[in-house]
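Single-structure report; data block below.
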Amino acid sequence: MCKKVFNTRPELHVNTLLSEMVGQFRDKAQQEASSSSSSELQESKPGEVLCEACTGPKLKALKSCLDCLVSYCETHLEPHLTASRLKRHQLIDPVENLEDRMCMKHDKPLELFCKTDQTCVCMLCSVLDHKTHEFVPLKEEYEEKKAELEETEAEIQQMIQKRQLKIQEIKHSVDLSKDDADREMAEGVRVFTALKESVERGRAEFINTIDKKLKTTEKQAEAFIKELEQEICELMKRSTEVQQLSRSEDHLHLIQRVQSVNSAPPTKDWTEVNVCQPLYEETVRKAVAQLEETLSEEMKKLLDQAELKRVQQYAVDVTLDPDTAHPDLILSEDGKQVHLGDVTKNLPDNPERFSLCVSVLGKQSFSSGRFYFEVQVKGQTGWDLGVVRESINRKGEITLSPEKGFWSIWLRNGNEYKACTGPSVRLSLKCRPEKVGVFVDYEEGLVSFYDVDSAALIYSFTDCSFTEKLFPYFCPYLNEGGKNSAPLVISPVSVK
């Protein structure tokens with residue numbers, strides 16, 4: 001370029017400026033080429049099969065060749081799609097460890113499944129080592145195994161759902177337990193608060209009693225002291241008179257006055273007079289005994305209230321079943337009331353109907369768990385209430401007893417309450433219940449009756465053995481000349 005001749009070889013140096021310029025152009029060209037390749041070819045991601053033919057950054061493999069035992073990206077796969085010799089190679093979706101898909105003995109692809117030995121084999125194996133065995137193509141076995149896996153997956157999902165439901169059930173149980181604990185805690189605090197208030201009242205009454213006794217004693221003592229002080233004052237006046245008379249030198253005056261001075265003044269004999277000392281120890285004993293009795297009654301009342309509230313949580317909706325009602329009974333349209341009518345209705349004598357005993361059952365049956373219902377009995381002089389098993393006798397004379405399938409109590413003549421235990425047990429009630437609550441715990445074998453208004457337990461059948469459905473049982477009894485005309489009423493449960 002400069003047309004200059006050198007006679008000897010000059011010492012050549014790198015042109016730094018040109019070298020840097022060339023380097024910049026080269027880097028830019030490489031970046032553009034790399035960018036162009038990235039837009040056309042997808043680079044691999046973690047966990048994906050890599051192209052084994054890439055010398056630079058490993059790209060994602062598009063296919064694997066079972067003949068070459070190599071995985072190829074889109075670019076390196078091109079010869080297998082164009083070259084006639086390579087087109088005969090078997091291509092599959094990209095997989096790792098291609099060597100594991102070859103027969104270790106014959107170095108052929110594993111294309112068959114030997115059902116006899118339950119193993120994958122190549123074509124040579126099928127004619128050499130497994131000649132008499134049963135074979136299917138891998139795809140057929142694959143479909144069968146896939147179907148089995150789907151069934152297994154369905155079973156696993158079902159098991160998961162069952163366990164998830166169990167978790168929800170357990171959590172629900174915990175929530176219920178928490179609710180029960182909170183309710184019992186609140187009820188316990190209420191009971192202990194009431195007992196504390198009762199103790200405070202007893203303490204106040206005791207202190208008041210002691211104060212009254214002390215004030216009575218003090219008042220009596222003050223009266224005695226006042227009377228004694230008056231007598232002392234009179235005696236001191238008489239003493240002054242005696243002293244003055246004794247100093248008199250008038251003979252006649254002394255003789256005339258001595259008799260009146262010597263006469264006894266109007267005083268009391270104080271020998272047997274004492275201030276009454278009250279027995280405070282007796283007061284303490286009586287107060288403690290009274291407090292103990294009060295606390296016992298209060299505690300029983302509060303515990304009965306708590307127990308009634310607990311069983312009322314299991315209230316159920318009960319209605320009367322007209323198909324079981326005796327023909328003389330009249331049921332309300334809503335199935336909540338029953339009383340004895342004056343006319344016997346012409347009804348079919350179906351097996352469920354009572355033919356002689358004027359009784360009726362509830363529609364609802366119970367074969368597990370707990371249930372509770374309330375019946376108003378106000379104004380009645382006779383009734384039967386309870387639960388019965390499904391197989392009870394409903395025709396002719398009926399004996400109310402657990403052996404016959406009846407767990408009930410009754411009222412007769414307005415004031416005779418009995419538990420039908422076979423023989424019956426007379427019940428002593430403090431007051432006539434106007435509403436009776438019936439509670440059943442099927443698994444525990446318990447049937448309890450409550451006076452709802454006083455929250456008092458009337459009677460409990462325990463250790464019962466229930467094996468059948470249980471039905472609520474109602475009998476309004478005889479009319480008794482109009483004295484027992486009020487109906488039995490199934491009442492809504494109201495938790496106080």
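Computed from backbone phi with θ = phi - 60° and the Karplus coefficients 6.51, -1.76 and 1.60, the 3J(HN,Hα) list for the stretch 104-111 is 5, 8, 10, 6, 10, x, 7, 10 Hz; x is used for glycine and proline.
When only the Cβ of Lys, Arg, Asp and Glu is charged (+1, +1, -1, -1), the dipole of the chain relative to its Cα centre reaches about 720 debye. Remark: for residue pairs Lys418/Lys483; Lys60/Lys105; Lys213/Lys301, the C-alpha separation exceeds 23 Å in Lys60/Lys105; Lys213/Lys301.
Projecting the Cα positions of Gln230, Leu252, Ser177 onto the charge dipole of the stretch 165-254 (unit charges on Cβ atoms of Lys, Arg, Asp and Glu, taken about the Cα centre) puts Ser177 furthest along the positive direction.
Within the same chain, lysines fewer than 8 places from Lys268 are excluded, and of the rest, those with a Cα less than 21 Å from its Cα are Lys219, Lys226, Lys237.
Legend: distances between Cα atoms for Lys196/Lys286; Lys309/Lys404; Lys363/Lys395; pairs beyond 22 Å are Lys309/Lys404.
If the segment from Thr294 to Glu151 were pulled out straight at 0.36 nm per residue, it would be longer than the present Cα-Cα gap by 44.5 nm.
With the charge dipole of the chain set up from +1 on Lys and Arg Cβ and -1 on Asp and Glu Cβ about the Cα centre, the Cα lying farthest toward the positive end among the listed residues Leu81, Leu66, Gln157 is that of Leu81.
Leu329's amide H: which non-local residues (gap 5+, or another chain) put their own amide H closer than 5 Å, with H modeled 1.01 Å from N in plane and none for Pro or chain starts? The list, which skips near neighbours in sequence, is Gly341. Take every Cα pair under 8 Å in the stretch 403-455 that's 6+ residues apart, average their separations, divide by the length, and report that relative contact order as a whole percent. That works out to 23 percent. Fully extending the segment from Glu78 to Ile167 would add 26.5 nm, taking 0.36 nm per residue of separation and subtracting the current Cα-Cα distance.
Packing, taken as the mean count of other beta carbons within 10 Å per residue, orders the peptides 56-65, 225-234 from highest to lowest as 56-65, 225-234. All Cα-Cα distances of the stretch 50-191, cut into 5 Å bins from zero to the largest, leave 2, 8, 11, 10, 10, 10, 8, 7, 5, 5, 4, 4, 4, 3, 3, 3, 2, 1, 0, 0 percent in each bin in turn. Taken along the Cα-to-beta-carbon direction at a fixed 7 Å, the label points for Asn7 and Glu143 span 9.4 nm.
Packing, taken as the mean count of other beta carbons within 10 Å per residue, orders the peptides 254-262, 111-119, 165-173 from highest to lowest as 111-119, 254-262, 165-173.
Per residue, the accessible area of the chain comes to 67 Å², computed with a 1.4 Å probe over protein heavy atoms only. At a threshold of 8 angstrom on Cα-Cα distance, excluding pairs fewer than six apart, so keeping six or more, what relative contact order does the chain reach in percent? Computed over the chain, the figure is 9 percent. Bridgeable lysines around Lys162 (alpha carbons under 27 Å apart, same-chain partners fewer than 8 residues away excluded): Lys145, Lys146, Lys171, Lys178.
Projecting the Cα atoms of Cys420, Pro402, Ile92 onto the dipole axis of the chain, where Lys and Arg carry +1 and Asp and Glu carry -1 at the beta carbon, places Ile92 farthest toward the positive end. With the simple spin-label model, which puts each label point 7 Å out from Cα in the Cβ direction, the Glu48 to Val284 separation comes to 9.5 nm.
Note on the chain: with neighbouring protein chains present and a 1.4 Å probe, carbon and sulfur make up 54 percent of its accessible heavy-atom surface. Here the stretch 362-496 is assigned +1 on the Cβ of each Lys and Arg and -1 on the Cβ of each Asp and Glu. Its dipole about the Cα centre then comes out at about 360 debye. Hey, with R₀ at 30 Å, roughly what FRET efficiency would Arg190 and Lys213 work out to, going by the Cβ-Cβ distance, to 0.05? Efficiency for this residue pair is about 0.30.
Computing FRET efficiency as 1/(1 + (r/R0)^6) for Met102 and Val22, where r is the C-beta to C-beta distance and R0 is 56 Å, gives about 0.65. Among the listed values (i) 1.50; (ii) 1.03; (iii) 1.00, the one computed from these coordinates for Rg/Rh (Cα atoms, Kirkwood Rh) is (i). For Leu385, list long-range residues whose amide hydrogen, built 1.01 Å from N in the peptide plane, is under 5 Å from its own amide hydrogen. It is Ile409, by chain and number.
Computed from the Cβ-Cβ distance with R0 of 30 Å, the FRET efficiency linking Thr344 to Leu427 stands at 0.40.
The values are calculated or read from the model by the stated rules, or taken from the named source; none is laboratory data. No experiment lies behind these values; they were computed from the predicted model shown. Note that we place each Cβ from the backbone using ideal geometry, even for glycine, and neighbour counts take in every protein chain shown. All accessible areas refer to the heavy atoms of the entire protein, side chains included, with ligands and DNA or RNA removed. Shrake-Rupley method; radii C 1.70, N 1.55, O 1.52, S 1.80 Å.
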